[in-house]
Amino acid sequence: MSTKELTEWAYPLAESLLAEPLPRRWNHSQGVAERARTIASILGLDAELLEAAAVLHDIGYAPDLAKTGFHPLDGARYLRDIAHADERLVRLVAHHSCAWMEAEARGVREELESEFPREKAELTDALCYCDMNTTPDGAPTNPVDRVNEIAGRYGPDSLIGTFIRRAEPEILASTARVLTRLSAVESQTRQPM
């Protein structure tokens, strides 16, 4: 499957799993994919891969897929076992937005990492950037407000609230790395000939 075909396949799949049972999650996923398109200039041939991962990253929340209660693992298993998706796409979904830290809190980090090796850091940073710069409704935001929103929604002492605060420095570092790459690409394009 070509990378363009990958995104053409990913959108209807994500919509079929999320739009009806979880419309807000579907809006968020579309917004994350929109953020992915805004950083395509730093991704080269991986731009379409990232966009596909962005629209699919939260499918593990779909009621028919939620088996473990840990959506990155549930989504990745579905993509691997049922949808037979591209291996790199599956790994991005499995490891999106510091999933390893939440997996550790849930006692499934070894399971996650043995089943799904991490994708290269530039792509995991980019997906984290896209996810953490998108509100639950799909609008643009910033990672500080997004982390605060997540902690507030789940409660500061919940597993998710604790995880997101623990992950916050890495989320901010991922965002900074993406912004540095974007700045470098933009300054190259502004260079006089």
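The values are calculated or read from the model by the stated rules, or taken from the named source; none is laboratory data. Everything quoted here is computed from the prediction, not taken from an experiment. Please note: Cβ atoms are built from the backbone with ideal geometry, for glycine as well, and neighbour counts cover all protein chains shown. What goes into the accessible areas is simple: the full protein's heavy atoms, side chains included, and nothing from ligands, DNA or RNA. Shrake-Rupley method; radii C 1.70, N 1.55, O 1.52, S 1.80 Å.
Miscellaneous remarks
- Taking region 103-193 as the region of interest, the helices (runs of 4 or more DSSP H) fully inside it that hold 2 or more residues being at negative phi and either at pLDDT below 95 or more than 14 Å from the chain's Cα centre (by Cα) (or both) are 109-115, 143-154, 159-189.
- Annotation note: Cβ proximity below 8 Å between a residue of region 92-118 that is closer than 17 Å to THR162 by Cα and a residue that is open to solvent by 30 Å² or more (accessible area, probe 1.4 Å) and of a type in the set (Phe, Trp, Tyr) (sequence gap 6+ or interchain) occurs for ARG109/TRP100.
- In region 112-148, the residues that are farther than 17 Å from TYR61 by Cβ and of a type in the set (Ser, Thr, Tyr): SER114, THR124, TYR129, THR141
- Of all the numbered requirements in (1) free of Cβ contacts under 8 Å to residues at least 24 places away in the same chain; (2) buried (at least 22 other Cβ atoms within 10 Å of the Cβ); (3) of a type in the set (Gly, Ala, Ser), ALA54 misses one, and that requirement is (1).
- Selected residue (only one of ASP131, ASP125, ASP58 is among the acidic types (Asp, Glu) and in contact with a Phe, Trp or Tyr (Cβ under 9 Å, 6 or more places away or on another chain)): ASP58
Conditions tested, residue by residue: (1) over 26 Å from SER16 (Cβ atoms); (2) buried (at least 22 other Cβ atoms within 10 Å of the Cβ).
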| site | (1), (2) |
| --- | --- |
| ASP64 | no, no |
| GLY69 | no, no |
| GLU110 | yes, no |
| GLU119 | no, yes |
| LEU123 | no, no |
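Okay, residues lined up against (1) crowded, with 16+ Cβ neighbours inside 10 Å; (2) of a type outside the set (A, V, I, L, M):
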position	(1), (2)
TYR129	yes, yes
ASN142	no, yes
GLY152	no, yes
PRO156	no, yes
ILE164	yes, no
GLU168	yes, yes
SER174	yes, yes
ALA184	no, no
SER187	no, yes
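- Total residues in region 1-41 satisfying the condition of being farther than 30 Å from SER183 by Cβ, assigned to a helix (DSSP H, G or I) and modelled with pLDDT of 95 or more: the figure is 13.
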